[in-house]
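The structure appears right after this line, and notes come after that.
Nothing in this text is a laboratory measurement; each read-out follows from the coordinates by a stated rule. Every value quoted in this text rests on a predicted model; they were computed, and no experiment measured them. Cβ: placed from backbone, ideal geometry, glycine included. Neighbour counts: every protein chain shown.
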Amino acid sequence: MSNAEIGLIGLGTMGAMLALNIAEKGFPIAVWNRTTATTHSFFAGAGELAQRITPTDTLTDLVAAIKPPRAIILMVPAGPAVDEQIAALTPLLSPGDMIIDAGNANFHDTDRRAADTAKGGPRFLGIGVSGGEEGARHGPSIMGGGQREDWDRVAPILRAISAKYEGEPCATYMGPAGAGHFVKAVHNGIEYADMQMIAEVYGALRDGMGMSATAIAEVFRRWNTGPLQSYLIEISGEVAAAADPLTGKPMLDLILDRAGQKGTGRWTVIEAQQLAAPVTVIEAAVAARNLSARLAERQIGEATFGPAPQHLAPGALTVDTLQQALMAGKILCYAQGFAMIQDAAKAFDWPLPLPDIARVWREGCIIRSAMLNDMASALSAHPGQNLMLAPAFTERLKATHGALRETVALAARQGLPMPALSAGLAYFDIMRTARSTANMIQGQRDFFGAHGFDRTDGADHHHGPWGGHF
Ligand code: 6PG
């Protein structure tokens, strides 16, 4: 019987949580998983929600269980699995049926899949979904991309299952084709940067000030009640506070310092380079993850050069200074991220509504924070302006950039690596320097390649007198 409002394929952790969320919000849902046993155990564990869930053993049964025109969410691993699933599903669909890819797809893939609709393929939406397992179950942040009418058709369900910020759903249409997955990629780039900056500050507390994990947990807990309030600060406090059940020691001290990644941060950096958009804090964060993975090389490096001193003289750096440094770094990182989105909007001719993007990130997603609400207000009051020049953030940067400089300078002296915070500081310094050193670059380019230059005095002579070259 076709009574399900929506279908879902892929009952891994995220898919299962999303299906339960949809059922809980009152929408009958049909589900299918490649391994049938997974479907059955999911259904058996659904409790009261099972009454709104139709488990199916074949794709044909899945399609038959959904009311036409159908909407089917894919929650399968990004990449070839999505194409395979679309290929298997397409012959079973009718005109007007829609596939919604809710995985972490590369937005170029989403562009390609969306273009297939025009060639007779099913209708297609690519939605970025953030918030991990907990978010999927109780309210993720959703960034939608595709044709507006397709979004509008399923928006009531997506809004209902999304996180709410003061009652406002965190599910927003970003633009055509891959726009939703593009915004999700930038979200993840910022996620990498936020995480890295917190890790750098953690390094100053641990190695610079000699604080224990328990004491560091207290610092993060305190910061989480102030301007840095955010999910990532909150969980950093939780991570630092936890004890290892095996040894009773702080769990954090026993975790190997080799960070993993699935690649979404890297996509942001690659795309930023294509757009000539400087997202140096994100670039530094991605590089830091790559460097962290080279553990054996780092061990050889330490044996070869000796460890850096790292410890700071007592009182040289305060916890409050570090807090302000992190605030400045965060503002600069988001200024870069939003500027990149603005560049993409122009390059791809997508709406990419900046204030709405800040709003959709206020709840449900990994980078949710108190500051995003103020960013949404600043971006809507000053459209097209770099966030660091919006008055509310100019004021905050004026109050905190000194602390960022002090932190990075002390860290450099003692050999405490702070690549992301340093990148933020360099960006700040470049952005406040009207007369940069790029005149030298232009001189060099003209010398070896006759590329020409503009003059400060406006005179009509655009080549140098380089030893008779020109
Ligand atoms: C989210 C997360 C989520 C996940 C990514 C990044 O918004 O819910 O970004 O999508 O954490 O897979 O993970 P990596 O750190 O492995 O790249």
Report the label-to-label distance for residue 94 and residue 461 in nanometres (one decimal), using points 7 Å from each Cα along the Cα→Cβ vector. 7.8 nm
Under unit Cβ charges (Lys, Arg +1; Asp, Glu -1), what dipole magnitude, rounded to 20 debye, does segment 359-419 have relative to its Cα centre? 80 debye
Too-long pairs where the Cα-Cα distance tops 26 Å, listed order kept, from 184/330; 262/346; 67/119: 262/346
Dipole magnitude of segment 185-431 about its Cα centre (Cβ charges: Lys, Arg +1; Asp, Glu -1), debye to nearest 20: 60 debye
Of the residues 39, 126, 370, the Cα lying farthest along the dipole of the chain towards its positive end, which is defined by charges on the beta carbon of Lys, Arg, Asp and Glu, belongs to 370
In the chain, what percentage of the DSSP-assigned beta bridges are antiparallel, given to the nearest 5? 30 percent
Taking segment 270-405 and dividing mean pair separation by its residue count, relative contact order in percent (alpha carbons under 8 Å, at least six apart): 30 percent
Distance between Cα centroids, segment 149-228 to segment 35-103: provide it in whole Å. 29 Å
Shape metrics for the chain, restricted to C-alpha atoms - Rg then Dmax, Å: 25.1, 85
Any chance you could list P(r) for segment 185-431, counting all Cα-Cα pairs in 10 angstrom bins from zero, rounded to whole %? 7, 31, 38, 19, 5, 0
Scoring the chain by relative contact order with C-alpha pairs under 8 Å, at least six apart, yields a percentage of 13 percent
Run the dipole for the chain about the Cα centre, Lys and Arg Cβ at +1, Asp and Glu Cβ at -1, nothing else charged, and hand back the magnitude in debye, nearest 20. 160 debye
Which net charge results when you count Lys and Arg as +1 and Asp and Glu as -1 among the other residues whose beta-carbon is under 11 Å from that of residue 464? +1
Using 0.36 nm per residue of separation minus the Cα-Cα distance, give me the extension gain between residue 25 and residue 447 in nm, one decimal. 145.2 nm
Any chance you could check the Cα centroid distance between segment 428-464 and segment 400-415 for me, in angstrom? 31 Å
The answer for the chain, counting only DSSP H helices whose Cα atoms cover 27 angstrom or more along the axis and whose Kyte-Doolittle average is 0.5 or greater, is 319-348
Quickly estimate the mean residue ellipticity at 222 nm for the chain, helices only: each DSSP H run with n ≥ 4 gives -39500 (n - 2.57), and the total goes over all residues, rounded to 500. -17000 deg cm²/dmol
Beyond 19 Å, what percent of the Cα pairs of segment 220-360 remain? 70 percent
Under a Cβ-Cβ cut-off of 11 Å, what is the net charge of the residues other than residue 221 that fall near it, where Lys and Arg count +1 and Asp and Glu count -1? -2
Ranking 299, 144, 224 by how far each Cα lies towards the positive end of the charge dipole of the chain (+1 on Lys and Arg Cβ, -1 on Asp and Glu Cβ), the top one is 224
Which of the aspartates and glutamates could a cross-linker span from residue 25 if the Cα-Cα distance has to be under 15 Å and same-chain partners fewer than 8 positions apart are dropped? 5, 48
